[in-house]
Amino acid sequence: MPSDAIQEPYADPLAFGQRLQLLRTRRGMSRTVFAGLLGKSPSWVKAIENGRLKTPRLDVILRVAEVLRVRELSELTGDQGTRVDLFVGPGHAKLPAVRDAVNAFPCVTREQAQPTGHLRVRLVRAWQARHSAPHHRDVIGALLPGLIRDAQLAARQADRAVDRRLAQAVLAEVYSLSQFFIAYQPDAPLLWRVAERAMVAAQESEDPHTIGIAAWLAAQAHRDSGPAHFDAADAVTTETLRFLEPLLPDASDDVLAIAGALRFEAGYTAARRGDTGSAWRHWDTADTIAHRLPADYYHPVTSFSHAVMGAHAVTVAVELHAGGEAVRQAAAADALAIPSRPRRARHRIEEARGYQLDGQADAALATLDKAFEAAPETIRYNGHARTIILGEAESKSPHRRRRAARLGVKIGLLAA
């Protein structure tokens, strides 16, 4: 075996604390940082890791899994009977067709590319369908193979510089739409392939708005890969904002909005780090940008708007593990003002996380029910929602267990 290969840690039985320490160090997370994110003391973490304290309750294990971004519960427990994917949802039925379209590389074809303007109309309609459909992956999964193929063809056949830039802008945004479909499905390499292609095509387009969208999604992909990749997420947002900021005094609403969305992403990553001051400072800057936009404006990709800033405030508080503040921000936010079904469902899940942190488990489950009503596919693929449901399915309260079990069955997490 090569000397630099990572040895499989699960070949021999390891205690829970040993597994926790191994995963924590692999994530590049100090004991103090991990303890802060978990809401425990460093001495508690040390006692768990060295075996002086016994394996904690399931709700604590699930919280550990969330902080460490553990994909399968068995990575922590060592029990292969608990192979539950926490942050990877089920593979969608249309994933193979989308994968095939991304992977295809036809060098020779007699087919004539569609005009870029026609492709742009199709793409706008696809975004609208994503925001309005409760089962949004069903809708865009059906549209993406044709969009990917036709956008690739248009970029390949464009023979004038201006046409190439326009075609690359459409292609980049098609790849960005693909990321929304692929995210949280069991094919991380495909997600990264699409993210990188979106960045390349966006740069070829030389269009600030397109570049901003691709960077916004790339930053999320880095951040969701774990703490070791937070610096990469920050680098993407910082460099892109440096590129966009000279344009902002005379920018269109879309360019202004993507700058605001990127600014919030910087705050989101800061909150993940536990940096309260930076997180809220970035949120304030994003909120100032939002107030420069028309009251009824809503960005077609990122959902950046007046309405979404309340939802973003809940997310910052939740990521900082400030349950009381998250609940206060949730009370001030207007979920119904968010027109996008998947974004509204995501906000409801963040609200539920806040209630859970604040010890209001019944309110958390009720809010997850609202998330399911808005967009069942969003909650089905969301690791935070799955963690709350699994934890409450083991609650001492029979009523809460039944409620969590019913929701778990509806999203396919628990057997009927």
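Once ligands and nucleic acids are excluded and a 1.4 Å probe is used, how much of Phe180 is accessible, expressed in Å² to the nearest 10?
Surface accessible to solvent at Phe180 totals approximately 40 Å².
Dipole magnitude of the chain about its Cα centre, charges +1 at Lys/Arg Cβ and -1 at Asp/Glu Cβ only, in debye to the nearest 20? Mind dumping the intermediate values first?
On the way: 53 positive and 47 negative charges, 248 e Å.
Computed charge dipole of the chain: roughly 1200 debye.
Compute the long axis of helix 276-290 from its Cα atoms, compare it with the longest principal axis of the Cα atoms of the chain, and write down the angle in degrees, 0 to 90, nearest 10.
The helix 276-290 is inclined about 30 degrees to the chain.
Mind jotting down the distance between the C-alpha centroids of the range 36-70 and the range 341-416, whole Å?
22
Using a Gaussian network model of the chain whose springs link C-alpha atoms within less than 10 Å, name the residue from Arg193, Arg403, Arg110 with the highest mean-square fluctuation.
Among Arg193, Arg403, Arg110, the largest mean-square fluctuation in the Gaussian network model of the chain belongs to Arg110.
Report the charge-dipole magnitude of the range 261-416 in Debye, nearest 20, computed about the Cα centre from +1 at each Lys and Arg Cβ and -1 at each Asp and Glu Cβ.
Values: 22 positive and 17 negative charges, 109 e Å.
Here the range 261-416 has a charge dipole of around 520 debye.
Using only Cα atoms and rounding to the nearest 10 degrees, what angle (0 to 90) does helix 341-357 make with the longest principal axis of the chain?
Helix 341-357 sits at roughly 20 degrees to that axis.
Quick check: pseudo-label points 7 Å beyond the Cα along Cα→Cβ at Leu248 and Arg52, how many nm apart are they?
4.9
What number comes out for the charge environment of Leu217, summing +1 per Lys or Arg and -1 per Asp or Glu over other residues with Cβ under 14 Å away?
Numbers: positive: Arg130, Arg193, Arg197, Arg223; negative: Glu173, Glu196, Asp224, Glu265.
Net of charged neighbours comes to 0.
Length gain on complete extension for the stretch Arg401 to Tyr297, per 0.36 nm per residue less the alpha carbon to alpha carbon distance?
Working: separation 104, 0.36 × 104 = 37.44 nm, distance 4.13 nm.
Net length gain for the segment: 33.3 nm.
Can you give the extra length, in nm with one decimal, that the chain gains between Ala142 and Gln112 once fully stretched, where that is 0.36 nm per residue apart less the Cα-Cα distance? Please list the in-between numbers first.
Details: separation 30, 0.36 × 30 = 10.80 nm, distance 2.19 nm.
Using 0.36 nm per residue and subtracting the Cα-Cα distance, I get 8.6 nm.
When the C-alpha atoms of the range 30-73 are aligned to their principal axes, what extent does each axis show, in angstrom, from largest down?
25, 21, 14
So how do His299, His229 rank on accessible area, 1.4 Å probe, biggest first, that is with the largest at the start?
Working: His299 0, His229 80 Å².
Highest to lowest solvent-accessible surface, that is His229, His299.
Could you put Leu20, Leu247 in order of accessible surface area, largest first, with the 1.4 Å probe and the full protein assembly present? Could you put the intermediate results ahead of the total?
Numbers: Leu20 0, Leu247 75 Å².
Descending accessible area places them as Leu247, Leu20.
Can you tally the lysine pairs in the chain where the Cα-Cα distance is under 23 Å and the two residues are eight or more apart, or on different chains?
Details: Lys40/Lys54; Lys40/Lys396; Lys46/Lys54; Lys54/Lys396; Lys94/Lys410; Lys370/Lys410; Lys396/Lys410.
Within the chain, the lysine pair count is 7.
Express the Stokes-Einstein translational diffusion coefficient of the range 118-215 in µm² s⁻¹, to the nearest whole number, given a Kirkwood radius over alpha-carbon pairs, 25 °C and a viscosity of 0.890 mPa s.
Working: Rh = 13.4 Å.
For the chosen part, D equals 183 µm²/s.
If Lys and Arg each add +1 and Asp and Glu each add -1, what is the summed charge of the other residues whose beta carbon sits under 12 Å from the beta carbon of Gly260?
Once all neighbours under 12 Å are counted, the net charge is -4.
Kindly sort His135, His347, His282 by accessible area of their heavy atoms, largest first, with the probe set to 1.4 Å. All intermediate terms of the calculation are to be shown ahead of the outcome.
Values: His135 75, His347 0, His282 40 Å².
The most accessible residue leads, giving His135, His282, His347.
May I ask for the distance between the Cα centers of the range 216-243 and the range 139-170, given as a whole number of Å?
Using only Cα atoms, the two centres lie 26 Å from each other.
Just read off the accessible area of Asp59 with the full protein assembly in place, 1.4 Å probe, to the nearest 10 Å².
70
Take every Cα-Cα pair in the chain and report what % of them are more than 29 Å apart. Intermediate values should be presented prior to the final figure.
Values: 40072 of 86320 pairs.
Of the Cα pairs, 46 percent sit more than 29 Å apart.
What angle do you read, to the nearest 10 degrees and between 0 and 90, between the alpha-carbon axis of helix 398-410 and the longest principal axis of the chain?
Here the helix axis deviates by roughly 30 degrees.
Work out, in µm²/s and without decimals, the Stokes-Einstein translational diffusion coefficient of the range 295-414 at 10 °C, 1.306 mPa s, Rh from Kirkwood over C-alpha pairs. Display every interim value, and only then the final one.
Values: Rh = 14.2 Å.
The diffusion coefficient I find is 112 µm²/s.
Given Cα pairs under 8 Å that are at least 6 residues apart, what percent is the relative contact order of the chain?
On the way: 614 pairs, mean separation 53.4, N = 416.
Normalised by residue count, the contact order of the chain is 13 percent.
On average, how much accessible surface per residue is there in the chain, in Å², for a 1.4 Å probe, leaving out ligands, DNA and RNA?
On the way: 18360 Å² over 416 residues.
Normalised by residue count, the accessible surface of the chain is 44 Å².
So how much slack lies between Thr276 and Asp100, counting 0.36 nm per residue of separation and subtracting their Cα-Cα distance, in nm? Present the calculation step by step, with values, prior to reporting the outcome.
Values: separation 176, 0.36 × 176 = 63.36 nm, distance 4.27 nm.
Length gained between Thr276 and Asp100: 59.1 nm.
Counting other Cβ atoms within 10 Å of each Cβ, which trypsin sites (Lys or Arg not before Pro) in the range 134-192 have at most 14 and sit in a DSSP loop?
On the way: sites: Arg137, Arg149, Arg156, Arg160, Arg164, Arg165; in loops: Arg160.
Hits after loop and neighbour filter: Arg160.
Name the long-range amide H neighbours of Glu72: under 5 Å, sequence gap of 5 or more, or other chain; modelled H, no Pro or chain starts.
Leu86
Restricting the calculation to Cα positions, tell me the Rg (one decimal) and the Dmax (whole number) of the range 178-282 in Å.
Using the Cα atoms of the range 178-282, the pair Rg, Dmax is 13.7, 42 Å.
The values are calculated or read from the model by the stated rules, or taken from the named source; none is laboratory data. Just so you know, these numbers come straight off a predicted model, no measurement behind them. In this analysis, Cβ positions are derived from the backbone assuming ideal geometry, glycine residues included, and neighbour counts consider all displayed protein chains. The accessibility values were calculated without ligands, DNA or RNA, using every heavy atom of the protein model including side chains. Shrake-Rupley method; radii C 1.70, N 1.55, O 1.52, S 1.80 Å.
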